[in-house]
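What follows is a set of notes on a single structure, which appears directly below.
Where a number appears in this text, it was derived from the coordinates with a stated rule and is not lab data. Bear in mind the structure is a predicted one, so any value in this text is a computation, not a measurement. In this analysis, Cβ positions are derived from the backbone assuming ideal geometry, glycine residues included, and neighbour counts consider all displayed protein chains.
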Amino acid sequence: MQGAELKVLPESVQRVAAHLQAAGHPYAPVMLDDAARTAQQAADALGISIGQIAKSIIFRRKADDVAVLVITSGDRRVDEKKVEALVGRIGRADADFVRAKTGFAIGGVSPIGHATLPVTLIDRELFRFEEIWAAAGHPHGVFQLRPQDLVALTGAPVADVDQPVPAT
């Protein structure tokens, strides 16, 4: 993707695209026709399994008000106790905190291109898949990658921080 092509994307997606381009990532963000604010919506739009969606969940670390980003598989829930064991006490992050710390709105938080670098953990369950998709900074924006690309792009450790979502 060249500079001129970046201009047609929302500013938040341009940030993600520039980060991907600078890292030599082979896939640029794509804009979906419909919003993909949830993992299920994204999976449906892409025609893939919900587990292949890399969800970006933001928490607020209580000790210093730093954003904690947990990237987990779309078919998993974050186990907050496991996260706390790794990074300290955390709490929920409201929409204002998420936007201020990441530069993204809830429903479009990318694992990369944040306004302020978060403490990041990547859930090991993403490695069940050869190909995954992540939000690209906008509820309609996504990009393709492999779990190992996520590690390279973020520099974050892989950890056991999930719990299975109960079957409905």
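Miscellaneous remarks
- Surrounding net charge for residue 50, when Lys and Arg each add one and Asp and Glu each subtract one, Cβ distance under 10 Å: 0
- Counted residue by residue at 0.36 nm each, then reduced by the alpha carbon distance between them, the extension gain from residue 163 to residue 100 reaches 19.9 nm.
- Calculated FRET value between residue 130 and residue 44, using beta carbons and R₀ = 25 Å, to 0.05: 0.80
- Length released on extending from residue 37 to residue 151, taking residue separation times 0.36 nm less the Cα-Cα span: 38.7 nm
- Counting only Cβ charges, +1 for Lys and Arg and -1 for Asp and Glu, the dipole size of the range 11-168 around its Cα centre is about 420 debye.
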